[in-house]
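Here is the structure we will look at.
The values are calculated or read from the model by the stated rules, or taken from the named source; none is laboratory data. Note that this is a predicted model, so its numbers are computed, not measured. Please note: Cβ atoms are built from the backbone with ideal geometry, for glycine as well, and neighbour counts cover all protein chains shown. Surface accessibility is based on the protein's heavy atoms, side chains included, excluding ligands, DNA and RNA. Shrake-Rupley method; radii C 1.70, N 1.55, O 1.52, S 1.80 Å.
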Amino acid sequence: MDQRPTVKIQFLNEFKELFNELWRNIVYYGGRGSGKSKHVGLALVLRGRQKRLRILCTREIQNTISDSVHKLLRDIIEENGFTDYEVTDKIIRNKVTGTEFLFAGLRHNVNEIKSMEGIDIAWVEEAQSISEASLKVLAPTIRKEGSQLIFTFNRFAELDPVYVRYVLKQPAHTYSAQVNYDVLDRAGLFPETLRMEMEEDRKDPGLFAHVWLGEPVDQADNSIISRRAALDAMNRVVDDEGAIQVGVDVARMGNDRTVFKKRKGLKLVDSASYTHLRTTEVCDKLELFVAHDKNVLIKIDDTGVGGGVTDEMILRGYWVMPINFGSMSSEPDKYPNLISEMWFYLASIMPTIDLPMNDGLLGELTSRLWKMDTKGRRAIESKQDYKKRGNRSPDEADALILAFYEANIAVDEVTEDEYDDLEFEGLLDRDF
């Protein structure tokens, strides 16, 4: 009979998927103080008490056992009084179920890891450092039926291989979530010692974004909106004086999102995001979002499927402004299309607006690039090129741009000659 004492465990809901055995890949990424490593360690220790598992704890480079999560697991076992675990300086084993924790670096132990049999779970800590070559070795090596890969990391570069492969491309049976310090803060578990460190780092917006919000450290020189400008807007408080206006970016396919953004004056006051909605369902949600107020100006990306939402909302009696991102700019000598003008307009008012702190929106706003076309105009990269770089569709940013767009910008259609010019320059991508 199992005589092990019952222990009460505090486990945050944000990490519950660590117990879901249906996922092939589980990814938690974000900044310091989020509790991701401790929750993964605790989940694996608990799962190892339920049945026999072989768990590989790895990272790109591990020269000694002290480089691994060995100490973290040992501390979890000791703090909770799990006497059923035997801890040595090289291995951790459960004396009742037979669960084993193994520790090895990826780069210098490729053959050893390839020869490991029966691994049930591989946990890759500090996964932002893992190379594409190591990923290609690891994934097929962990091939036991029902086996899982778990990744925890804080992004370093815009396109870290693990981020591209498992977050942006989102393969089948993959769960991913960004978690930051606010996860522990909401639960009253954020350490005060870390809070003092975090407040000190706020003095450097770039450092704060990387360390505490999980944003990459590098940003391309030709990004339209700087990370500092976006973070300043997310830390700014302005009065919500002015009219309510709403931006609507309508999903086109797959994992793209339909996003609503509402501003009152220069303050963003509300947001909503949906997937896989029919046109009438989008309109129903939008009516609720504007509280059935037909005096609210609703600006809809009218390109593609957005046209159906525009038509339906007009039929329902709402004040709708259809906007085609591919239309000509009101300043055609400066911008080849309306979407380019709208992005640079948002960049120009960034020092005046108030945005909520939102990791996804921050990433989308600061990763869109621009270039000069052959006529010396500033042109935003197409959405197709943006996604080719490994990014997901910038639906949050597009809805925000629509919300803050000022209606005095002309929306003339592209002429045939201008269409030919844009196509020749490689700028005519109707999916903006």
- Selection from region 168-221 of residues of a type in the set (A, V, I, L, M, F, W, C), out of contact with any Leu (no Cβ under 9 Å at 6 or more places or on another chain), modelled with pLDDT under 90 and within 23 Å of Phe15 (Cβ to Cβ) yields Val211
- Find the helices (runs of 4 or more DSSP H) located wholly in region 159-231 whose residues include 3 or more that are surrounded by 18 or more Cβ atoms within 10 Å (Cβ to Cβ), and list them. 181-186, 205-213
- Of all residues in region 115-154 being within 16 Å of Gly105 (Cβ to Cβ) and of a type in the set (Asp, Glu), the one that is least open to solvent (accessible area, probe 1.4 Å): Glu125
- Note on the structure: So the strands (runs of 3 or more DSSP E) completely within region 1-100 holding 3 or more residues that are modelled with pLDDT under 95 are 54-59
- What tally of residues in region 268-282 results from selecting those that are among the hydrophobic types (A, V, I, L, M, F, W, C), assigned to a strand (DSSP E or B) and open to solvent by less than 60 Å² (accessible area, probe 1.4 Å)? 2
- Which of the residues belonging to region 305-353 are under 25 Å from the mean Cα position of the chain (by Cα) and either within 28 Å of Arg278 (Cα to Cα) or open to solvent by less than 10 Å² (accessible area, probe 1.4 Å) (or both)? Val305, Gly306, Phe325, Ile339, Ser340, Met342, Trp343, Leu346, Met350, Ile353
- Is at least one residue of region 329-336 small (Gly, Ala, Ser) and in contact with a Lys or Arg (Cβ under 9 Å, 6 or more places away or on another chain)? yes
- What are the residues in region 385-403 that are open to solvent by less than 10 Å² (accessible area, probe 1.4 Å) and part of a helix (DSSP H, G or I), if any? Tyr386, Asp395, Ala397, Asp398, Ala399, Leu400, Ile401, Leu402, Ala403
- Message: Can you tell me which condition Arg263 does not meet? The list is (1) open to solvent by less than 60 Å² (accessible area, probe 1.4 Å); (2) more than 16 Å from Ile401 (Cβ to Cβ); (3) of a type outside the set (Asp, Glu), and all the others hold.
- Response: (2)
- Which listed residue, of Arg257, Arg316, is among the basic types (Lys, Arg) and more than 19 Å from Glu396 (Cα to Cα): Arg316
- Query: Looking at (1) among the aliphatic types (A, V, I, L, M); (2) open to solvent by 20 Å² or more (accessible area, probe 1.4 Å); (3) under 25 Å from Leu213 (Cα atoms), can you tell me which one Met372 breaks?
  - Reply: (3)
- Here the qualifying pairs (Cβ atoms under 9 Å; residues six or more apart or on different chains; first in region 122-147 and of a type in the set (Phe, Trp, Tyr); second buried (at least 21 other Cβ atoms within 10 Å of the Cβ) and part of a helix (DSSP H, G or I)) come out as Trp123/Val40; Trp123/Gly41; Trp123/Leu44
